[in-house]
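A short worksheet on the structure shown next.
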Amino acid sequence: MITLVKGAYVYAPEPLGVKDIVIFNDRIEKISREINEKDYERLGLDISIIDGSGKIAAPGLIDPHVHLIGGGGEGGYHTRTPETNIKDFIEAGITTAVGLIGTDKTSRHLESLYAKAKALDTEGMTAYMYTGNYHVPVPTVTGDIQKDIYLLDKVIGTAEVAIADHRSGQPSVHELAKVAADTRIGGLTSGKAGVTHFHVGPGEGKLSLLHALLDDYDIPADKIYPTHINRTKALIEDAARLSRRGAYVDMTADDDIVSHLLIFQQAEGDMERLTLSSDGNGSLPVFDAAGRLTHMAVARPKALLENIQMLLKSEHFSPEEIFSLVTKHPSDVLKLYKKGNLKAGYDADLLLFNDEYQLDRVIAKGKVLLENSNLTVKSTFDE
């Protein structure tokens, strides 16, 4: 099956101008100007034409931090958040998601996370996962970080090891270095990313443990990948320093994302090493000074799309810079080959936006899953 998207302005994420995009099955076959569909019809091939005129085409969003099977539990059993549904991702323009386990390693299991990633793949998108959780030593499936990454197709790294947080296991720098080293070797031997993704809490230490890790151990900086770095101005500035050392850093979608990116930029952070994630279906607990839970909410995958729309409308950053945060950059740090770019030979994951940056169409692995802003996909048990 061939799909031809005609006349859209393409951000690949770099601007390519008005182009036509040829999709063959689940891959991008060609991007060029004024492709003649009759050439394919003469070959006897079925072709579906999508009118992209007046629209923006961009790669499908990559969300590098999602609680696919839910998270939470900091307020008791009833505060465990629910699992994700493929519809949550597609209506948010997310065609690739990377799942993890947070605080709760008792009722949330890596085996269940693996099954969920496989399920989402079957239902139409792409999903990966990290081994581990908040605490050190980290839980694994096989009993070994390196084996998890090497033997399990979906596992690309370790997460979300918690630092600067009263909920963490209070690890030492040496313990973090051991996790990062095992993760790195697992990546080397399997051809995967081998990154350690760190949850950063609101503690006074900020990223000091990660700076110390880079100072004292032979861990490549690009294998260190902290998230939630936009909790405070001071933490954003510390993350900017870490990015200048070669580490990738991740902001969590929130209502102040424009000002947070400006702070990062003004602090001379490396914008090429910055990503944005939703923390989807994770819990959003608020604690008082004594560590007591005062409020609980649930993060939404769609917050990622809303942040992209907010940034595009702010006009503080170019569309290429904005789309790169959720396409090329996460693809680079997580080594998700064939994702995050609109190029011949890459996976056919792409979005079409109207001139108001509203999501009009989602194509994942070559199939239209949202059309005219209406979902065309269901999860297995949806009626």
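The values are calculated or read from the model by the stated rules, or taken from the named source; none is laboratory data. Just so it is clear, the model here is predicted, and its values are computed rather than measured. Quick reminder, even Gly has a Cβ in these numbers, built from the backbone with ideal geometry, and neighbours come from all protein chains shown. These area figures cover heavy atoms from the full protein model, side chains too; ligands, DNA and RNA do not enter into them. Shrake-Rupley method; radii C 1.70, N 1.55, O 1.52, S 1.80 Å.
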**OP:** Would you calculate the volume per residue, in Å³, of the smallest convex hull containing every Cα atom of the chain?
**Re:** 134
**OP:** Assign one of three labels to region 34-106, namely rounded, prolate or oblate, based on the Cα gyration tensor with a ≥ b ≥ c the square roots of its eigenvalues; rounded applies when a/c is under 1.5, prolate when it is not and a/b is larger than b/c, and oblate otherwise.
**Re:** prolate
Original post:
Under a no-solvent Debye model with one identical scatterer per Cα of region 114-176, what's log10 I(q)/I(0) at q = 0.14, 0.18, 0.24, 0.26 Å⁻¹?
Top reply: -0.46, -0.69, -0.96, -1.04
**OP:** If a/c stays under 1.5 just call it rounded; otherwise compare a/b with b/c (prolate if a/b is bigger, oblate if not). Do that for region 230-383, with a ≥ b ≥ c from the square roots of the Cα gyration tensor eigenvalues.
**Re:** oblate
Subject >> C-alpha center-to-center spacing [region 162-179, region 216-290] in angstrom >> reply: 17
Original post:
Which value in nm describes the separation of the simple spin-label points at VAL258 and LYS233, placed 7 Å from the Cα toward the beta carbon?
Top reply: 1.8
Original post:
Accessible area per residue, 1.4 Å probe, Å², for the chain: what's the number?
Top reply: 41
Original post:
Going highest first, how would you order 99-111, 370-382, 73-85 by mean Cβ packing within 10 Å?
Top reply: 99-111, 73-85, 370-382
Original post:
Relative contact order, percent, of the chain when contacts are C-alpha pairs under 8 Å separated by at least 6 residues?
Top reply: 20
Original post:
Mind checking the angle between helix 110-123 and the chain's longest principal axis? C-alpha axes, 0 to 90 degrees, to the nearest 10.
Top reply: 10
Original post:
What figure in square angstrom, to the nearest 10, would you give for the accessible area of TYR150 with a 1.4 Å probe?
Top reply: 130
Subject >> Subset of LYS38/LYS338; LYS116/LYS328; LYS206/LYS335; LYS223/LYS339 violating a 21 Å alpha-carbon distance limit >> reply: LYS38/LYS338; LYS116/LYS328; LYS206/LYS335
Subject >> Principal-axis tilt of helix 173-190 within the chain, Cα atoms, nearest 10 degrees >> reply: 30
Subject >> Whether region 311-370 is rounded, prolate or oblate, judged on the alpha carbon gyration tensor where a/c under 1.5 counts as rounded >> reply: oblate
Original post:
Which far-off residues, 5 or more places away or on another chain, put their amide H under 5 Å from the one on LEU370, with H placed in the peptide plane?
Top reply: VAL362, THR376
**OP:** Pop out the carbon and sulfur fraction of the accessible area of the chain as a percent, whole number, probe 1.4 Å.
**Re:** 48
